[in-house]
């Protein structure tokens, strides 16, 4: 077996040497968290190129490149690195928008943010860079040009009530939402839509914690910014969170702004699907969802959502009754995506439970509805016994210093600390930058218990999906036990041999790991 | 690193002490399997509160609560336990319905059972508790009130042939299925439907093992009750099994009872999806399913299912030809969800194979059909070579006492034994309460070989889904080898060091694990 | 604990003895790779029965059978082996078609190949074996018989433009594509379709690497044959690859040959879904796909795909603009399913990027489109930092001989070598016949980075699917670290104890593993 280049141990030994060397090659290496970071002041200011790399990784890629006969260079060159890109650099996004709120300095955004938080980030000056179009225009004039430029949106607008209003109503033209001056165009937020759609705006803004109204500012700007990940990734989170809070066209997509569209489950499914929010999948697996899938496109969606007009309920049928845009009114006990234990059938929540039974009563007997909701209660509570069984094991391991790695051996979390991720109040629950056994335990709670709750709440327990998640939890529990057993066997053996195991350095550093915000924060002294 | 509370070793040392202490605090702690369990006699009798907890877990939660500053109490309080519910109790369902059959005493049901096995469990006295409605009513009178009470079912009934019969037929009113006396209402089973729909009833009841007719009583009451899990979980299994056997509205949902609805794949997909029965997914991935997805809602589903009326087959097209309700007539060799090895193309099954080719012949040449079915045969047989390769490794580990944990170190199975789960005849195959390597091996057979068979049978092998499962099996095989290697390395090391590894106690006991029926059975001396 | 039969160690000790014994029992045991393999000359020649088994496995199954009281025999007997088929043989397919190309001798096909590569494999003599129909027929005569024989295809043909041509066009009858002589029937390929549909044929054939035109011959015949797996499995790959290249009815399914059908995403989804090509899923998760799902079946699909006619784009809308059948014209930088690193927004690719922005411009502003494509660029590049972080760890392990097993301890790869699967140029990247840590690393690149790229490219990053994959990559990274840590701990312990760990023999041999083509090639001296 040939030595490929240098081994991992050597790599970590030479790491400090390179840290020093690199200070002089700033054009290539920018260490995360310099003492004097250059903050971008305006949306279009170029950042100093901000590669998050640590020198050790550069070294690795240089060696790799030599071995593979590949070039080394910034990966915006357009070169195709066939060897999995091993030999290329990642220099980070060229321009980032400044964050806002208390974590603004720590967290910055990709330019796409301007579409999702337009009131703050959208700069009309930069809307049409290079555009020679100046002056003011009437809606008719807009339509003339844009029929050629963007025929889709004109067609959609014509299909909408804005473009083809009902008898006696006026056209809502392009200028009403975007302004007349082509150099000072507006991207509308809920505020502008609310000028005409008052009731809907009021409902939207009244939503309590857990509703769309708090999806972006509360979750992402105030809390999500604490996430450890770089902007390139959190942008994906941001898209749903920001559009849900800031724009009405998340559900009534432009430029049809259709009520019928928003009534369909697919409208909600864009965001409410996947791990942590399996609502769409659970609904689609239920009798309700299956009947919708089988015939929903033949229904008249212009009709209000109620038991007389629709053979099965949809998302909005239950959660936005009579068009109520405050979804928390037809919600259930809020527990951060269903991850806290609560008996939703407790007497304290009688009003909420009765309201749900009343919703089901359109087609089902109240007792039938209560029996099903009760089965949901018990399933959720039982699922916590598995989680607690796992937590007992993992917490004991933590207590005995047997988790590999222990928190201190990981990159610091977004608060700059190294605390146990599973103990509330002592750290942030998270999916990454944790040990394998912590990840499994996190998933057991957030992904799996959440899925069980949502499966039962949406009647997917007729289907094997609920069964799948119940099984998944069994599997996770036994994997946690299996991992715990291995960790304890290692410890017993090593103790007998006088080996003091310390976590390997790759847990703490690496090309990606070195980009976590915790590192930045540490350097910034926060 | 601080000691959080007490470590796992201490926990298990103090366990016996608490077992004794707890006998005196029965109001909080009910040990699973007392010598004199109080069996519920009638559906609505309250059980003695039956928390399945063991005292050690209580202790854990008390400590946890102190640490977290959370309250301790029954989790039907309505309190939200933000700390993942660590500090709360699970006291079990308040009322359970008695089981029936030979495992009735061991196994009890959540109240929702009454809707799925109504002939046995539905008690009309309790149908409208608190209802002041007494007396007898005509169908017209039912409709008058229930139009206000449950507009959906009245609308659906009017859309049905029962509510709007064809020329010359009479209305089938509410009373025909539910009776006239509001205090003695009936929930219909197949028997009642069969009074008019004789042919369908006959077909349904004639179904052989593996058909709907045996889904509940054979599988769940006689066998499924042997499952180790508590009622809160098996209720999810039960919903599909019971409705498939006992009620016709599993496919022709109330109150439309539509033939058109039942012809659609979505009707079958409610149950036939997910691990162990991926039929819906496999069909949807095939050319047949994709064409259905693309245009199925524009077809006239009132027409009989045949090659002249439909461009692609659906589930019922092949499996319920000419409306035959005995699905075993258009089935294939029954092998318990496809988990046994059999060559379905063997001469012995010529009649079945010819019948399938004849079904395909509506649109395909017989040779084309045979080539595809042959490819299915080979794929299934090959997939067993991977399973056998894994079994060789795992059985050898078992033989050498190297599996961690060995069966004796787990909770007893539902028969009260501790036997190797993978050896037929010596134990029950199962997904939970097993070691990691047994779980992987189980999945390789039941989940993955089953998926390969169903993918090929439904022509999903045009699609990468079959590919996925083939790949999944490779992955499982290498994970099994990897796990085996680790177990053997541990054993060799420990032998050299004179360490005798015994499985850690968390495999045998835990808040959830202590609820397995095997524990109950042991105490009951059965 | 009883000894079940014999343990794994014994099994591997007696293996060589059986290798010798078996040479004399060729009727049962055919060792992979005899010195003088009998190559099949014609499509229907029977092969010598080619069980790939090694004698040791036979022995295992004999023992197993005795223990279980099951019979031993070829598994085409039709017997049902309830014990998971443990006691049965797998004797391999009875007939295989000879391969072609430079790996033809190594690789053979299941008979189903004749439908997917008909120009080469379809033998009209064998089309209707047993058929007594001889002579020449007109299209009208064909229809007469086949209305009874295969009513579906006749109905479909009548619905097509071939069967019911527009005013002034002639019927395209059965004989035009299949010939007149019932003993010399033809199965059409693109060549025959192209006689009328010249433009489409030209486009199809002009497709560059990565297009349908190269899906079969380049990928499967020239390269795929290097795959290690037996024909029973690669047949599943082949179906999509061959039909995409050789036949037009992959998208315009027979016998409707509908343009409307091919315009729908479901047409593409038959192949473009699942790991390695999640295009269908990603599209369906986007706003575009959700709107399509919600209302697509109500649209008029006979209209050309453009922004005036469709409210959202479909696959063909973007990738086959104006019916262009050379999909590489509306593709992006080709990097083998997105698995190589390249900045698709680099100046070098300005023309391609501008063309994409122009496509989006039907409904979106160019800046909006660019911002989203830029977010895709950054996400893809960032995802490679995780892969490189993993590669650093795994390559160091390889360098230190710590991977378990090392390549030399696995079955030889398809080139007959035992090289590290993750180092390009030194071996083939692959999913099977590798160590656990190599598999995880492979998936991180091919399955996960590919999924991230496709999620972003299809705007699924509005949805949590992109989020899921980003999370998946975090999970894979920590699993790789966890595995690396265990391997290093084992090594340190074993070194101290003077144990020299060598990979267990089950990595190299087993009932399935012994079928890999690498073994065959070795024996054939290639």
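The values are calculated or read from the model by the stated rules, or taken from the named source; none is laboratory data. The structure presented is a predicted model; accordingly, all values stated were derived computationally and were not measured. Cβ sites come from the backbone with ideal geometry, for glycine too, and all protein chains shown count toward neighbours.
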Taking residue A:203 as the residue in question, decide whether it is assigned to a helix (DSSP H, G or I) and farther than 23 Å from residue A:164 by Cβ. yes
Failed condition for residue C:333, given (1) under 27 Å from residue A:118 (Cβ atoms); (2) at pLDDT below 95, with all others met? (1)
Looking only at segment B:498-505, decide whether some residue is assigned to a helix (DSSP H, G or I) and facing another protein chain (nearest Cβ under 7 Å). no
Could you list, in sequence order, all residues of segment A:299-315 that are more than 13 Å from residue A:286 (Cβ to Cβ) and crowded, with 16+ Cβ neighbours inside 10 Å? A:299, A:301, A:305, A:307, A:309, A:310, A:311
Could you list, in sequence order, all residues of segment A:133-161 that are over 34 Å from the mean Cα position of the chain (by Cα), part of a loop (DSSP other than H, G, I, E, B) and either surrounded by 13 or more Cβ atoms within 10 Å (Cβ to Cβ) or at negative phi (or both)? A:133, A:134, A:137, A:138
Residue by residue through segment A:232-276, note down the ones that are more than 30 Å from residue A:171 (Cα to Cα) and not in a helix (DSSP H, G or I). A:271, A:272, A:273, A:274, A:275, A:276
From the option list B:164, B:191, single residue qualifying as more than 14 Å from chain A (Cβ to nearest Cβ) and part of a helix (DSSP H, G or I) is B:191
Residue in segment A:403-416 that is part of a helix (DSSP H, G or I), out of contact with any helix residue (DSSP H, G or I) (no Cβ under 7 Å at 6 or more places or on another chain) and farther than 27 Å from residue B:74 by Cα present: yes
Can you confirm whether segment C:468-488 contains a residue that is in a helix (DSSP H, G or I), within 30 Å of residue C:106 (Cα to Cα) and more than 9 Å from chain A (Cβ to nearest Cβ)? no
Of the conditions (1) more than 9 Å from every other protein chain (Cβ to nearest Cβ); (2) farther than 30 Å from residue C:277 by Cβ; (3) assigned to a helix (DSSP H, G or I), residue B:444 fails just one. Which one is it? (2)
On the given criteria, is residue C:394 over 30 Å from residue B:484 (Cβ atoms), at pLDDT below 95 and either within 28 Å of the chain's Cα centre (by Cα) or within 9 Å of chain A (Cβ to nearest Cβ) (or both)? no
Any idea which residue in segment C:327-338 is nearest to residue A:253 (Cα to Cα), counting only those that are within 11 Å of another protein chain (Cβ to nearest Cβ) and surrounded by fewer than 19 Cβ atoms within 10 Å (Cβ to Cβ)? C:333
Give just the number: which of (1) crowded, with 24+ Cβ neighbours inside 10 Å; (2) modelled with pLDDT under 90; (3) within 13 Å of chain C (Cβ to nearest Cβ) does residue B:423 not satisfy? (1)
Any residue that is farther than 30 Å from residue B:109 by Cβ, more than 7 Å from chain B (Cβ to nearest Cβ) and modelled with pLDDT of 90 or more - is there at least one of those in segment A:359-369? no
Only one of (1) surrounded by 21 or more Cβ atoms within 10 Å (Cβ to Cβ); (2) touching a helix residue (DSSP H, G or I) at 6+ places or on another chain (Cβ under 6 Å); (3) at the interface with chain A (Cβ under 10 Å from one of its Cβ atoms); (4) modelled with pLDDT under 95 does not apply to residue C:459, and that is (2)
Exactly one of C:438, C:492 is modelled with pLDDT of 90 or more, within 7 Å of another protein chain (Cβ to nearest Cβ) and either buried (at least 21 other Cβ atoms within 10 Å of the Cβ) or out of contact with any helix residue (DSSP H, G or I) (no Cβ under 6 Å at 6 or more places or on another chain) (or both), and that residue is C:492
Could you tell me whether segment C:499-513 includes any residue that is closer than 29 Å to residue B:394 by Cβ, in contact with a strand residue (DSSP E or B) (Cβ under 9 Å, 6 or more places away or on another chain) and without any contact (Cβ under 8 Å) to a residue 40 or more places away in the chain? no
Verdict on residue C:149 being at pLDDT below 95 and under 22 Å from residue B:306 (Cα atoms): yes
Kindly evaluate residue B:150 against the criterion of being within 25 Å of residue B:92 (Cα to Cα) and within 12 Å of chain A (Cβ to nearest Cβ). no
Residue match in segment A:277-293 (condition: at positive phi, facing another protein chain (nearest Cβ under 8 Å), surrounded by fewer than 24 Cβ atoms within 10 Å (Cβ to Cβ) and under 22 Å from the mean Cα position of the chain (by Cα)): no
Being more than 27 Å from residue B:444 (Cβ to Cβ), more than 9 Å from chain B (Cβ to nearest Cβ) and either at pLDDT below 90 or buried (at least 21 other Cβ atoms within 10 Å of the Cβ) (or both) is the requirement here; does residue A:454 meet it? yes
